[in-house]
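For reference, the structure discussed in these notes is given below.
Each value in this text was obtained by applying a stated rule to the coordinates, not by laboratory testing. None of these values were measured; they are calculated from a predicted model. Glycine gets a Cβ as well: all are built from the backbone with ideal geometry, and neighbour counts include every protein chain shown.
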Amino acid sequence: MTGRSWCAVLLLALSATCGAADSVVDDSGREVAVPTTALRIADGWYAHHALLMTLGAGERIVATVNHAASQPWMFKVQPSLNQATAVHGTAFNVETLLGKQVDLVFTSLGDRQARAYEQVGLPVMRMGYTDLPGLQRSMLSTARALGGPEPLARAKAYNAYLDEQLTQVGKGLADLPETQRPRVLHIASLVPLKVDGSDTLIDDWIGIAGGRNAAAGVKGNLQAVSAEQVLAWQPDVVILAAGSGELSQAGAVLSQLEAVRQGRVLRNPAGVFPWDRYGTEVALQVQWAAQVLHPDRFEGVDMVAQTRSFYGRFFDYALSEGDARRILAGLGPL
């Protein structure tokens, strides 16, 4: 890069951060000086887009790591993303961000590119969590970083909604014996075969919904395992991520699972973001999972109605009944 280019970059950096007046602690524990109101955002964590949308700030995303092909509902609900600069992977070009006058960057915890953004003066919020209380903290810190009263009010409303769902599910499962908690295997990918273990948000909602994670001894997200290991676990229920593929692709070994033979294989819903992972629709995931694992205890739960209500309230989107059913089936929009 020429000396003149670097001068232009630094001038843009100064203009992007000018007026930074507030300090917010991100999920890594760092104190970040952010603009009074962040209006142009680069979001380098796939799931975090859902938090911004829930906070009414989806239109502020001008640089994204998501794509309509992989997250079609996200782009349908938030069509402004079609005009955002998109990258494959999670690394944005620094000059591009400065040229777009980005005033705040979100990354996942451990994103090595975060330091490069900081070196040219861009404020960076590092985000990440492994349980629902962590999600609620992230909602509040994201809202504070956005600035203004509306994001904070929406964050508090979402957190209260999530607490309500957890309370209702907890009441429904209050007297559930440990022996009636099915062993649930969550498969993120069939080819290659990957599962989600402990210390994950997936492990958290499985337990809250009245199950036990069958991936004994596995820690973390998207962990590669053998079909023989899955066969040894013999889970009571298998939940397939919406984009995990088809069982027929995984070979003959998994067909020997008793859960497969008994038809206890479920496809996870996926909307703006996959419900089973790190977006705000995990509030719906908890309800859905409790209902499918213990249908006799949650007979009155109407997930179509719940989904439509959630989208109207938190995404400001009028979701049709047909689209709600497609989301619940893990299908993309027509």
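Would you mind calculating the gained length between Leu176 and Ala91 on full extension (0.36 nm times residue separation, minus the Cα-Cα distance), in nm to one decimal?
Working: separation 85, 0.36 × 85 = 30.60 nm, distance 4.58 nm.
Full extension of this stretch gives 26.0 nm more.
Simple rule: put +1 on each Lys or Arg Cβ and -1 on each Asp or Glu Cβ in the chain, find the dipole, and look at Met74, Pro133, Val292; the Cα lying farthest toward the positive end is Met74. Taking the Cβ of Arg112 as the center, what net charge do the other residues with Cβ under 14 Å away carry, scoring Lys and Arg +1 and Asp and Glu -1? Value of the local net charge: 0.
Here the contact order of the chain, divided by its residue count and restricted to Cα pairs under 8 Å and six or more residues apart, works out to 17 percent. Listed by chain and number, the aspartates and glutamates whose alpha-carbon sits under 14 Å from that of Lys156, ignoring those within fewer than 8 places in the same chain, are Glu164. Under 12 Å of direct C-alpha separation, and excluding same-chain neighbours fewer than eight residues apart, Lys219 reaches these aspartates and glutamates: Asp196, Asp199, Asp203. Within the chain, helices built from complete DSSP H runs that reach 20 Å or longer along their own axis (Cα positions) and carry a mean Kyte-Doolittle hydropathy of 0.5 or higher are 3-17. Within the chain, DSSP assigns beta bridges of which about 30% are antiparallel (rounded to the nearest 5).
Panel order for Glu178, Glu150, Glu228, by other beta carbons found within 10 Å of each beta carbon, from fewest to most: Glu178, Glu228, Glu150.
Which GluC sites (Glu not before Pro) in segment 273-332 pass both tests, a DSSP loop state and at most 14 other beta-carbon atoms within 10 Å?
Values: sites: Glu281, Glu299, Glu321; in loops: Glu281, Glu299.
Taking segment 273-332 and a limit of 14 other Cβ atoms within 10 Å, the loop GluC sites (Glu not before Pro) found are Glu299.
Sequence-ordered 3J(HN,Hα) estimates for segment 178-188 from the Karplus curve with 6.51, -1.76 and 1.60 and θ = phi - 60° stand at 4, 5, 9, 8, x, 7, 10, 9, 9, 9, 7 Hz, glycine and proline given as x. DSSP beta bridges fully contained in segment 117-268 are about 30 percent antiparallel. Each label was represented as a point 7 Å from its Cα along the Cα-to-Cβ direction; for Glu31 and Ala318 these points are 4.8 nm apart. Using the Cβ of Gly58 as centre and a radius below 11 Å, the other residues enclosed give a net charge of -2, where K and R count +1 and D and E count -1.
Work out how much length Arg212 to Gln119 would gain on full extension: take 0.36 nm times their residue separation and subtract the Cα-Cα distance, in nm to one decimal.
Numbers: separation 93, 0.36 × 93 = 33.48 nm, distance 4.44 nm.
So the extension gain works out to 29.0 nm.
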